[in-house]
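The values are calculated or read from the model by the stated rules, or taken from the named source; none is laboratory data. Keep in mind that this is a model prediction, so the values were computed, not measured. All Cβ positions, even for glycine, are placed from backbone atoms using ideal geometry, and neighbour counts span all protein chains on display.
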Amino acid sequence: MARPKVFVIFYSTYGHIHTVSKSIKEGLEKAGNVDIEVYQFPETLSEDILGKMHAPPKPDVPVITVDKLTEADGFLFGFPTRFGSAPAQVKSFFDATGGLWAKGALYGKPAGIFFSTGSQHGGQETTAFSFLPNLAHHGMIYVPTGFRNPNLFDNSEVVGGSPWGTGTVAGGDGSRQPNEKELSVAVTQGEEFANVVAKLAA
Ligand SMILES: Cc1cc2nc3c(=O)[nH]c(=O)nc-3n(C[C@H](O)[C@H](O)[C@H](O)COP(=O)(O)O)c2cc1C
C-alpha cells in the first residue's frame, strides 16, 4: 500500500519559516511512515515591493497550486504573522480553494500549523488560532502540537512556539534566527504529525 503523503506548504518573506520548514520535514522523515513534498505559497507582492521590503530571493522550492492540494493526505502550513494573523499570500491562496470546498475535496484531511513573529508577543498564538476557520470550513482536522516537546516549558530564554504549533521569533529587524530549541519543537511536530496522518490513513 502506498504511504500517505504529507505536503509542507510555507510562505516566508525573510527565510525564518523556510528554515523551520526544514526541521518540520526532518521530523516527518524521522517518523518514517509518510511521503513528503515541500511547497511554498504563491507570492502576491511585486518584485518592486519585495525589493523595498529588503526581501531576499525566494528559495528553490516549487510553488503550490490549488488543484495539487487534493494529492495530499495531510498538510503542515507555515507562515509568518501579519498583524497577528496569516499573511495575505496565504489567505488569498485559501480564497481560491472554493472549488475544492464545494466538492469537499479536503474534508477529513489533517492539518497542522507553524509560524513566526517579529516579537515574542506579536502573535505566537493568535496567528495559528485565527487560521482555524480555514480548516474548519474545509472540514480539515486540526492537529495541534500540545506540549509534547519540553522546550515549550522553557522560560530561561526566548523560545517561540506554543501548543498550537512550532513558532520562532525573528526579532524586529529579522536578525534573530530559529534556535535549537525551536527547531527541536519543529522536529517533534513533524514526527507526531506523521504518526497522526499514518493512523488516520490506516
Ligand atoms: C506587514 C507586516 C506585519 C507584521 N506584523 C507583525 C505582527 O503583528 N507581530 C509580529 O510579531 N511581527 C509582525 N511582523 C514581522 C513578521 O512576522 C516577521 O518578519 C516574520 O515573522 C519573519 O518570518 P519570515 O522570515 O519567514 O518572513 C510583520 C511584518 C510585516 C511585513
In the stretch 118-155, residue nearest to residue 81 (Cα to Cα) [restricted to those that are in a helix (DSSP H, G or I) and free of Cβ contacts under 8 Å to residues at least 12 places away in the same chain]: 132
Residue 55 in a helix (DSSP H, G or I) and either more than 16 Å from the ligand (Cβ to nearest atom) or modelled with pLDDT of 95 or more (or both): no
Filtered residues of the stretch 102-123 (kept if surrounded by fewer than 16 Cβ atoms within 10 Å (Cβ to Cβ) and within 16 Å of the ligand (Cβ to nearest atom)): 119, 120, 121
Residue list for the stretch 136-189, filter: of a type in the set (D, E, K, R) and surrounded by 15 or more Cβ atoms within 10 Å (Cβ to Cβ): 176, 181, 182
Some residue of the stretch 50-59 being crowded, with 20+ Cβ neighbours inside 10 Å and either touching a residue at least 60 places away in the same chain (Cβ under 8 Å) or more than 19 Å from residue 166 (Cα to Cα) (or both): no
Hey, residue 115 free of Cβ contacts under 8 Å to residues at least 24 places away in the same chain and either in contact with a Phe, Trp or Tyr (Cβ under 9 Å, 6 or more places away or on another chain) or not in a loop (DSSP other than H, G, I, E, B) (or both) or not: no
Verdict on residue 146 being closer than 15 Å to residue 27 by Cβ, at pLDDT 95 or above and touching a helix residue (DSSP H, G or I) at 6+ places or on another chain (Cβ under 6 Å): no
Matching residues, the stretch 16-49, being crowded, with 19+ Cβ neighbours inside 10 Å and assigned to a loop (DSSP other than H, G, I, E, B): 34, 41
Residue that is farthest from the ligand (Cβ to nearest atom) [pool: residues in the stretch 83-101 that are surrounded by 13 or more Cβ atoms within 10 Å (Cβ to Cβ) and part of a loop (DSSP other than H, G, I, E, B)]: 97
Flag if residue 70 is of a type in the set (Ser, Thr, Tyr), closer than 26 Å to residue 126 by Cα and away from the ligand (no atom under 15 Å from the Cβ): no
Residue count for the stretch 37-49, restricted to those that are free of Cβ contacts under 8 Å to residues at least 24 places away in the same chain and among the acidic types (Asp, Glu): 2
Selected residue (criterion: surrounded by the fewest Cβ atoms within 10 Å (Cβ to Cβ)) from residues of the stretch 60-72 that are closer than 18 Å to residue 21 by Cβ and touching a strand residue (DSSP E or B) at 6+ places or on another chain (Cβ under 8 Å): 62
